[in-house]
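Quick notes on the structure that follows.
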Number of protein chains: 2
Amino acid sequence: MFESAELGHSIPDREYDRKEPKLREALLKAQYELLENKSFPVIVLIGGVDGAGKGETVNILNEWMDPRFIHTHAFGEMSDEERERPRMWRYWRALPPKGRIGILFGAWHTDPIVNRVAGTTDNAQLELAMEEIVRFERMLVDEGALILKFWFHLSKKVQKKRLQALAADPKTRWRVTDTDWERFKLYNKFRKVSENALRETSTGYAPWFVVEGTDPNYRYLTVGRTLLDALKKRLAGNKPAMSRPAALAEPALDGRNVLSSLDYERTLARKAYNRKLEKYQGELNLLSRHKKFRNKSLIIVMEGVDAAGKGGSIRRVTGALDARHYQVTPIAAPTEEERAQPYLWRFWRHLPRRGRVTIFDRSWYGRVLVERVEKFCSEQDWMRAYHEINDFEEQLVEAGGIVTKFWVTVTKEEQLRRFREREKTPFKSFKITPEDWRNRKKWNDYERAVCDMIERTSNELAPWVLVAANDKFSARIEILKTLCERVEAAL
Amino acid sequence: MFESAELGHSIPDREYDRKEPKLREALLKAQYELLENKSFPVIVLIGGVDGAGKGETVNILNEWMDPRFIHTHAFGEMSDEERERPRMWRYWRALPPKGRIGILFGAWHTDPIVNRVAGTTDNAQLELAMEEIVRFERMLVDEGALILKFWFHLSKKVQKKRLQALAADPKTRWRVTDTDWERFKLYNKFRKVSENALRETSTGYAPWFVVEGTDPNYRYLTVGRTLLDALKKRLAGNKPAMSRPAALAEPALDGRNVLSSLDYERTLARKAYNRKLEKYQGELNLLSRHKKFRNKSLIIVMEGVDAAGKGGSIRRVTGALDARHYQVTPIAAPTEEERAQPYLWRFWRHLPRRGRVTIFDRSWYGRVLVERVEKFCSEQDWMRAYHEINDFEEQLVEAGGIVTKFWVTVTKEEQLRRFREREKTPFKSFKITPEDWRNRKKWNDYERAVCDMIERTSNELAPWVLVAANDKFSARIEILKTLCERVEAAL
């Protein structure tokens with residue numbers, strides 16, 4: 001992988017001076033075209049060995065193009081706000097919106113490689129991390145991003161020389177730290193681990209470009225040229241193929257499914273309800289103040305058919321909590337800023353810190369429900385969403401999140417009754433809109449989508465809880481009780 | 001101030017049970033009306049003595065209304081991301097958008113009061129902090145916010161009893177910490193300081209409501225009722241009067257002004273330019289890597305007439321810096337999320353951490369330039385912007401920011417020449433739009449606005465630097481040189 005980057009590539013100054021002006025003009029033009037049509041973001045990852053000119057190259061790119069529309073981010077130590085959320089949160093924060101170029105320095109590959117070199121992880125863990133990255137980049141590409149990954153390489157001999165030269169010059173001495181020398185000692189190991197990592201994460205849609213870092217002229221022109229070609233190709237409409245959707249299972253022949261099998265007849269008397277409500281709210285309150293909960297977070301997904309009583313259930317949950325510790329995030333149509341990002345971005349930005357509770361009133365599952373049924377996105381888009389969502393939730397769980405998902409549902413007859421009641425009650429009439437009636441007409445399509453969703457996204461880490469809510473009292477108690485059990489099990 | 005809140009107010013349960021359902025129904029209705037017309041945000045501040053039921057009251061408000069549209073924030077210790085920015089940054093982050101209710105626990109009043117009680121500040125400092133708060137709240141109200149501030153009070157005797165009672169009950173024991181008892185010892189001092197603070201910050205447009213915290217029934221109904229009344233009044237169209245604009249000075253009778261007095265004839269030869277460019281870029285680079293700069297941040301405002309060469313100047317500045325340490329923020333029309341907030345919000349969100357540089361390509365001064373001239377906002381709005389901006393920049397400077405503002409300008413004839421040149425050069429034609437020609441027709445209006453802006457916002461902390469840019473070389477060098485001087489002086 002690195003052989004070609006140890007050949008001593010170089011470009012004479014005269015050639016550079018001839019090629020540079022044309023290249024930068026073309027890059028600038030491509031950048032403005034990107035800015036103009038705002039149809040995709042460009043993500044440039046920068047990695048590699050120390051002293052190979054990563055920083056200078058990024059500076060050159062900013063000089064060649066319009067720096068106002070380039071977002072450069074370097075990832076050093078995590079801030080405490082970052083440490084309290086899933087590992088990928090800081091990268092989600094730094095993603096460029098459509099039309100912009102984001103240059104990410106030492107992004108998601110760095111930690112897994114560094115940790116493996118330091119010996120704090122083993123090969124299996126490295127491989128797992130690389131698989132995670134492949135899935136993440138696949139998702140970004142499917143969401144429209146153009147990803148270019150540059151790895152700056154130096155042979156051991158050249159790196160040593162270069163570090164020595166930098167250290168000798170008073171003007172560049174600051175750039176060589178003790179850590180750099182410490183790391184140099186690990187050159188062989190670093191080379192082996194990163195070769196492995198690059199191999200695992202170099203894909204057709206997000207390839208690594210290994211760039212020999214010895215000669216600045218060569219380095220700059222190579223990176224600039226590669227970026228330009230990719231930009232031009234993409235602007236001309238060449239998109240990498242999206243993930244192909246696999247087929248979904250057909251509905252069972254006997255017409256039974258997980259929803260029809262629920263017990264919609266169950267009831268709970270008001271007196272028993274009040275007693276249990278107090279009991280479970282008290283329990284949940286105690287659990288949310290448990291010492292161990294400070295290292296956890298609770299993420300509640302509340303989905304369900306219209307008029308099933310999601311709002312009332314949420315209020316019974318928040319009633320058990322201290323308002324300082326929870327946030328309810330109602331999900332409506334995405335804002336302009338959210339539309340310029342991958343669809344999961346708007347959920348990442350609302351993730352709770354440790355010790356907190358976030359209730360999503362509707363959620364990322366909109367992708368495989370309303371967006372699927374109403375055809376707001378393509379089949380490919382919602383088909384790939386299943387595993388993207390599983391991935392997302394896995395990351396939440398790994399970071400200490402307790403992910404609990406409720407599908408609150410009523411029978412079709414009960415929904416009709418509630419719609420009519422809402423229309424009659426002046427105070428509730430704002431709750432019933434023509435859209436609700438429209439959705440109701442597509443009952444079967446939604447049911448199919450729900451069954452597929454449950455089949456593909458209910459798992460041990462983040463199971464779906466199906467709540468029959470013809471009787472509101474028993475539904476609310478079931479939700480509270482489930483939350484108590486889930487939190488208790490996690491502490 | 002606190003006398004009326006020591007009378008032992010209470011409301012019998014029977015009365016409470018009769019009034020509560022009506023109140024919550026009305027509150028919920030008002031909340032939905034607010035959500036519907038999205039014309040203003042509601043900011044509820046919660047402060048007061050420990051054990052007076054602040055938390056319970058906020059929980060009740062969340063129970064009575066729809067918690068999905070209430071944002072509750074508690075401000076504890078600062079995160080490191082917050083510590084590296086001006087004091088008010090964390091509150092700006094937490095402001096609710098239009099249509100929503102934000103409940104802020106221990107917000108901007110708390111630290112100044114606590115610090116004064118602890119004796120780390122003196123009376124003058126407390127007073128200064130309170131004046132800052134008054135101006136901040138004035139700005140929020142002028143921007144349309146409805147602000148309600150509740151102070152929960154207990155007499156010393158009652159507080160002691162209440163803390164004891166809470167501590168005795170195993171279910172509530174967690175709520176009384178050692179800090180609470182430590183603070184109780186300071187009751188008299190706390191009372192005195194907070195009375196002072198409340199007096200200073202209780203204004204007609206953002207009044208304090210002191211609520212006796214002894215009896216829950218009384219407490220809940222009082223807060224609910226007050227909130228409801230204020231909401232209803234405001235929804236009915238009663239807005240507090242905006243700050244009255246003072247008159248601006250008329251242009252001088254002899255037609256001379258700071259812009260016409262600049263030397264537009266100066267030039268710099270290319271050779272001298274190249275030498276100086278290298279010199280000052282090198283200097284700026286060294287300064288930006290200076291140890292002391294890690295506790296500073298550099299905020300560059302780049303404003304100027306069209307075609308004056310702002311973009312080129314920015315590129316010469318960024319050329320001196322490491323791309324990992326700066327961010328260029330081009331300011332265009334505000335996004336949907338930004339329009340739902342006070343106009344300064346979108347600049348607060350881009351403030352750099354310490355050790356970083358942010359270049360605003362156009363800035364908050366749009367308010368008193370394009371928005372004034374094009375009448376995008378009312379005279380009252382842009383008139384009050386002068387002191388709001390001064391306030392904002394003062395906060396930046398206090399937090400270690402080096403604020404440097406450039407007005408880059410050319411003569412009217414030179415602008416015409418450049419417009420024509422841009423039209424002729426294919427590669428530059430994207431830089432000239434019909435809007436540029438329209439703006440040019442309003443040259444005099446803009447000039448007037450610029451002179452007013454300089455007169456009212458150029459000050460020692462954040463002076464305007466007027467750059468005659470008929471000759472691009474000398475303009476760029478002046479900008480770089482100024483930056484070096486300003487940073488050097490600040491280190």
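Conditions: (1) in contact with a Gly (Cβ under 7 Å, 6 or more places away or on another chain); (2) within 14 Å of chain B (Cβ to nearest Cβ); (3) buried (at least 21 other Cβ atoms within 10 Å of the Cβ); (4) β-branched (Val, Ile, Thr). A:ILE331 meets all but one. Number of the miss?
Unmet condition: (3).
For region B:474-491, check the following and say yes or no: at least one residue is assigned by TED's automatic domain parsing to the domain that holds B:TYR365, on the phi < 0 side of the Ramachandran plot, at pLDDT 95 or above and hydroxyl-bearing (Ser, Thr, Tyr).
Within region B:474-491, one or more residues are assigned by TED's automatic domain parsing to the domain that holds B:TYR365, on the phi < 0 side of the Ramachandran plot, at pLDDT 95 or above and hydroxyl-bearing (Ser, Thr, Tyr).
Within region B:72-82, can you find the residues that are surrounded by 17 or more Cβ atoms within 10 Å (Cβ to Cβ) and facing chain A (nearest Cβ under 7 Å)?
Within region B:72-82, B:THR72, B:ALA74 meet the criteria.
If I go through region B:116-149 residue by residue, how many of them are in a loop (DSSP other than H, G, I, E, B) and under 15 Å from the mean Cα position of the chain (by Cα)?
Number satisfying all stated conditions: 3.
Would you tally the residues in region A:162-183 being under 14 Å from A:VAL49 (Cα atoms) and more than 14 Å from every other protein chain (Cβ to nearest Cβ)?
The number of residues fulfilling the criteria is 7.
Which of the numbered conditions does A:PHE152 fail, given that it passes all the others? Conditions: (1) farther than 22 Å from A:ARG234 by Cα; (2) out of contact with any strand residue (DSSP E or B) (no Cβ under 7 Å at 6 or more places or on another chain); (3) not in a loop (DSSP other than H, G, I, E, B).
(2)
Restricting attention to region A:414-429, does a residue exist that is within 30 Å of A:LEU491 (Cβ to Cβ) and either away from chain B (no Cβ under 14 Å) or more than 22 Å from the chain's Cα centre (by Cα) (or both)?
No, every residue in region A:414-429 fails to be within 30 Å of A:LEU491 (Cβ to Cβ) and either away from chain B (no Cβ under 14 Å) or more than 22 Å from the chain's Cα centre (by Cα) (or both).
Can you find a residue that is surrounded by 13 or more Cβ atoms within 10 Å (Cβ to Cβ), in contact with a His (Cβ under 7 Å, 6 or more places away or on another chain), touching a residue at least 40 places away in the same chain (Cβ under 8 Å) and within 14 Å of chain A (Cβ to nearest Cβ) anywhere in region B:209-224?
no
Please go through region B:432-491 and pick out each residue that is charged (D, E, K, R) and in contact with a Gly (Cβ under 9 Å, 6 or more places away or on another chain).
Listed by number, the residues that qualify are B:LYS472, B:ARG476.
For region A:356-364, check the following and say yes or no: at least one residue is within 11 Å of chain B (Cβ to nearest Cβ), crowded, with 20+ Cβ neighbours inside 10 Å and more than 26 Å from A:ASP452 (Cα to Cα).
Yes, region A:356-364 has at least one match.
Table: residues versus (1) in the same structural domain as B:LYS160 (by TED's automatic domain parsing); (2) over 30 Å from B:GLN415 (Cβ atoms); (3) of a type outside the set (A, V, I, L, M).
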| position | (1), (2), (3) |
| --- | --- |
| B:THR201 | yes, yes, yes |
| B:ASN217 | yes, yes, yes |
| B:THR226 | yes, yes, yes |
| B:ALA252 | no, no, no |
| B:LEU262 | no, no, no |
| B:GLU265 | no, no, yes |
| B:ASN274 | no, no, yes |
| B:LEU284 | no, no, no |
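Name the single residue, out of those in region A:429-473 being among the basic types (Lys, Arg) and exposed (fewer than 14 other Cβ atoms within 10 Å of the Cβ), that is modelled with the highest pLDDT.
Checking each candidate, the answer is A:LYS441.
If we scan region B:278-289, do we find a residue that is of a type in the set (Phe, Trp, Tyr) and over 30 Å from B:TRP382 (Cα atoms)?
Yes - at least one qualifying residue is present in region B:278-289.
Suppose the filter is assigned by TED's automatic domain parsing to the domain that holds B:GLY312 and within 21 Å of B:LEU396 (Cα to Cα); does B:GLU460 pass it?
Answer is yes for this residue.
Might you check whether a residue that is of a type in the set (A, V, I, L, M), more than 10 Å from chain B (Cβ to nearest Cβ) and either more than 30 Å from A:GLU393 (Cα to Cα) or in contact (Cβ under 8 Å) with a residue 60 or more places away in the chain (or both) occurs anywhere in region A:59-67?
no
Would you mind stating whether B:ARG324 is over 19 Å from B:VAL410 (Cβ atoms), free of Cβ contacts under 8 Å to residues at least 24 places away in the same chain and within 13 Å of chain A (Cβ to nearest Cβ)?
So B:ARG324 passes the test.
Looking at region A:171-192, is at least one residue modelled with pLDDT of 90 or more, outside any helix (DSSP H, G or I) and surrounded by fewer than 20 Cβ atoms within 10 Å (Cβ to Cβ)?
yes
Does A:ARG256 satisfy being at pLDDT below 95, among the basic types (Lys, Arg) and touching a helix residue (DSSP H, G or I) at 6+ places or on another chain (Cβ under 8 Å)?
no
Can we say B:VAL49 is surrounded by 17 or more Cβ atoms within 10 Å (Cβ to Cβ), aliphatic (A, V, I, L, M) and touching a Ser or Thr at 6+ places or on another chain (Cβ under 9 Å)?
Here the answer is yes, as B:VAL49 does meet what is asked.
Answer yes if at least one residue in region B:343-352 is without any contact (Cβ under 8 Å) to a residue 24 or more places away in the chain and within 14 Å of chain A (Cβ to nearest Cβ), and no otherwise.
yes
Restricting to region B:273-313, what's the tally of residues that are surrounded by fewer than 23 Cβ atoms within 10 Å (Cβ to Cβ), hydrophobic (A, V, I, L, M, F, W, C) and either within 11 Å of chain A (Cβ to nearest Cβ) or free of Cβ contacts under 8 Å to residues at least 12 places away in the same chain (or both)?
Residues meeting the conditions: 1.
Restricting to region B:318-344, name every residue that is in a helix (DSSP H, G or I) and either in contact with a helix residue (DSSP H, G or I) (Cβ under 6 Å, 6 or more places away or on another chain) or β-branched (Val, Ile, Thr) (or both).
Result: B:THR318, B:GLU336, B:GLU337, B:GLU338.
The rows are residues; the columns are (1) touching a residue at least 12 places away in the same chain (Cβ under 8 Å); (2) in contact with a strand residue (DSSP E or B) (Cβ under 9 Å, 6 or more places away or on another chain); (3) surrounded by 16 or more Cβ atoms within 10 Å (Cβ to Cβ); (4) within 13 Å of chain A (Cβ to nearest Cβ).
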{"residue": "B:LEU7", "(1), (2), (3), (4)": "yes, yes, no, no"}
{"residue": "B:GLU15", "(1), (2), (3), (4)": "yes, no, no, no"}
{"residue": "B:LEU23", "(1), (2), (3), (4)": "yes, no, yes, no"}
{"residue": "B:LEU34", "(1), (2), (3), (4)": "yes, yes, yes, yes"}
{"residue": "B:PHE40", "(1), (2), (3), (4)": "yes, yes, yes, no"}
{"residue": "B:ILE70", "(1), (2), (3), (4)": "yes, yes, yes, yes"}
{"residue": "B:MET88", "(1), (2), (3), (4)": "yes, no, yes, no"}
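Could you check region A:436-481 and list, in sequence order, the residues that are polar (S, T, N, Q) and in contact with a helix residue (DSSP H, G or I) (Cβ under 6 Å, 6 or more places away or on another chain)?
Result: A:THR457, A:ASN470.
The values are calculated or read from the model by the stated rules, or taken from the named source; none is laboratory data. These numbers were taken from a predicted model, which means no experiment stands behind them. A quick note on method: Cβ atoms are made from the backbone with ideal geometry, for glycine too, and the neighbour counts reach across all protein chains shown.
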